[in-house]
Amino acid sequence: MDTAAVAFDLDDTLAVTGVDRETLLAAACREVGAPHRSRAAYLDAHADNLTARSREPVFEALLEGTDVDPAALARAYRERVNEALSPVPGVETMLSRLAEQYRLGLLTNGPVVAQRSKLRALGWTDRFDAALVTGELSAGKPETVAFERLLDALGTDATSTVFVGDDVEADVGGATAAGLDAVQVTFPGGPEPDPAAVAHVDRDALPSQLPEFLASR
């Protein structure tokens with residue numbers, strides 16, 4: 001079936017931070033007087049709160065046993081991430097060109113406040129035909145229901161929708177299980193290419209290679 005829609009993951013696929021997240025988290029902890037917490041610990045807590053409204057439950061888990069306000073740490077981390085966030089070079093032009101031919105979607109894991117603030121920081125609040133944050137849903141990626149909600153919002157079916165993301169489990173595995181073709185975005189230090197993806201595209205070459213792949217389908 002012809003491709004009718006292309007949907008994307010956000011973090012590390014379309015947008016990246018100029019400073020690594022470990023450093024940003026450490027700086028936010030210092031700012032509010034919180035003990036250091038590793039990026040790995042943060043990701044574990046984040047995975048347990050994909051449908052939360054804010055990062056406060058994430059930091060409540062990380063700050064258990066301390067008197068640090070999790071809301072203050074959530075705010076400090078959000079501000080630092082948004083200041084460091086920028087589009088992958090060339091993707092804004094790519095999205096504009098793709099929008100002339102396809103419906104565009106976004107499905108991003110995370111709390112509503114954090115992910116919506118990223119879209120505002122990027123100037124992308126109206127960039128997609130459907131932009132879903134799992135904090136607004138009943139489940140996050142890789143759960144099939146998250147992708148079904150994306151398809152409903154786009155008004156397309158799985159066989160005519162391509163999903164583009166970097167994470168093997170959440171993006172490639174989740175999209176494939178839901179019946180979508182998945183394109184994996186790769187980059188140095190990122191996940192190894194997953195054979196379940198129908199294509200692998202280096203992130204720096206995404207603006208040129210993804211349209212070429214879609215045109216060849």
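Things to note:
- Surface per residue (accessible, 1.4 Å probe) for the chain, Å²: 44
- Unit Cα scatterers, Debye sum, region 176-217: log10 I(q)/I(0) for q = 0.15, 0.19, 0.30 Å⁻¹: -0.37, -0.58, -1.10
- Carbon/sulfur fraction of accessible area - the chain, other protein chains in place, 1.4 Å, %: 45
- Residue among Pro207, Pro70, Pro35 with the largest mean-square fluctuation in a Gaussian network model of the chain, springs linking Cα atoms under 10 Å: Pro35
- Summed over qualifying helices (DSSP H, 4 residues or more, each -39500 (n - 2.57)) and divided by its residue number, the chain shows a 222 nm mean residue ellipticity of -12000 deg cm²/dmol.
- Heavy atoms of Arg39: accessible area, 1.4 Å probe, square angstrom to 10: 50
- Dipole magnitude (debye, nearest 20) for region 97-169, charges at Cβ of Lys, Arg, Asp, Glu: 340
The values are calculated or read from the model by the stated rules, or taken from the named source; none is laboratory data. Since this is a predicted model, take the numbers as computed values, not measurements. Quick reminder, even Gly has a Cβ in these numbers, built from the backbone with ideal geometry, and neighbours come from all protein chains shown. In case anyone asks, the SASA skips ligands and DNA or RNA and just uses the protein heavy atoms, side chains included. Shrake-Rupley method; radii C 1.70, N 1.55, O 1.52, S 1.80 Å.
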